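Peer 1: Below is one structure. I have some questions about it.
The values are calculated or read from the model by the stated rules, or taken from the named source; none is laboratory data. Not measured: the values here are computed from a predicted model. Here the Cβ positions follow ideal geometry from the backbone for every residue, glycine too, while neighbour counts run over all protein chains shown. Ligands, DNA and RNA are excluded from the accessible area calculation, which covers all protein heavy atoms including side chains. Shrake-Rupley method; radii C 1.70, N 1.55, O 1.52, S 1.80 Å.
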Amino acid sequence: MAHFAKLDENNIVLEVNVVSNDTINNLPFPESEPVGVQFLTEWSGGYTNWKQTSYSGSFRKNYAGVGYAYDSVLDAFVPPKPYPSWLLNTNTAQWEAPVPYPNDGGMYEWDEQTKSWVQLT
């Protein structure tokens, strides 16, 4: 099965649809994308802003989820930014805290006000 993200005018994912492999002629990505987009455009009554996504993350960095943004420069789906201070890792298209998560075995949550990890009790 192939998965396609329906994007709004700002390239934010509205939904993800599944298209059968038969419909895309069993083509691999990226050859499958224009075939799937054509099918979905007809199926949806003319909506054309679709991008293929990989359930395994083998292309476009992350599987698209509702609310994710498609970044055309990175050719990646980027999850919503969890905190204003976090930075985007352009290699993984994931947000990272400005301070690494402690590796002492404890459980922590991010405190945006102090921009630090606070241990849970």
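Peer 1: Quick one: among 110, 50, 86, which has the greatest mean-square fluctuation in a GNM of the chain with alpha-carbon springs under 10 angstrom?
Peer 2: Among 110, 50, 86, the largest mean-square fluctuation in the Gaussian network model of the chain belongs to 110.
Peer 1: Under 16 Å Cα-Cα from residue 61, which lysines qualify once same-chain neighbours fewer than 8 residues away are excluded?
Peer 2: Reachable lysines: 51, 81.
Peer 1: Normalising by the residue count of the chain, find the relative contact order in percent from Cα pairs under 8 Å and 6+ residues apart.
Peer 2: Across the chain, relative contact order equals 18 percent.
Peer 1: What do you get for GluC sites (Glu not before Pro) in the range 43-121 restricted to DSSP loop and a cutoff of at most 16 other Cβ within 10 Å of the site's Cβ?
Peer 2: Loop-located and lightly packed - 112.
Peer 1: What does the charge count near residue 7 come to, summing +1 for each Lys or Arg and -1 for each Asp or Glu among other residues with Cβ under 14 Å from its Cβ?
Peer 2: Neighbourhood net charge equals -3.
Peer 1: Summing Lys, Arg as +1 and Asp, Glu as -1, what charge do residues with Cβ under 10 Å from the Cβ of residue 87 carry, residue 87 excluded?
Peer 2: Net local charge, residue 87 excluded: 0.
Peer 1: Where does helix 32-43 land angle-wise versus the long Cα axis of the chain, in degrees 0 to 90, nearest 10?
Peer 2: Approximately 70 degrees, to the nearest 10.
Peer 1: At a 1.4 Å probe radius, carbon and sulfur cover how many percent of the accessible area of the chain?
Peer 2: Whole-percent figure for carbon plus sulfur exposure: 52.
Peer 1: For a quick check, take a GNM of the chain with Cα springs below 10 Å and name the residue from 105, 65, 57 with the largest mean-square fluctuation.
Peer 2: 105
Peer 1: Classify the chain as rounded, prolate or oblate from the Cα gyration tensor: take a ≥ b ≥ c as the square roots of its eigenvalues, call it rounded if a/c is under 1.5, otherwise prolate when a/b beats b/c and oblate if not.
Peer 2: Since a/c reaches 1.5 and a/b is larger than b/c, the shape of the chain is classed as prolate.
Peer 1: Then there's this: Rank 94, 52, 38 by mean-square fluctuation in a GNM of the chain with C-alpha springs under 10 angstrom and give only the top-ranked residue.
Peer 2: Taking springs between Cα atoms under 10 Å, the residue moving most is 38.
Peer 1: While we're on this one: Could you do me a favour and compute the accessible area per residue for the chain, 1.4 Å probe, result in Å²?
Peer 2: Per-residue value: 61 Å².
Peer 1: To the nearest 10 square angstrom, how much accessible area does residue 51 have with a 1.4 angstrom probe?
Peer 2: 50 Å²
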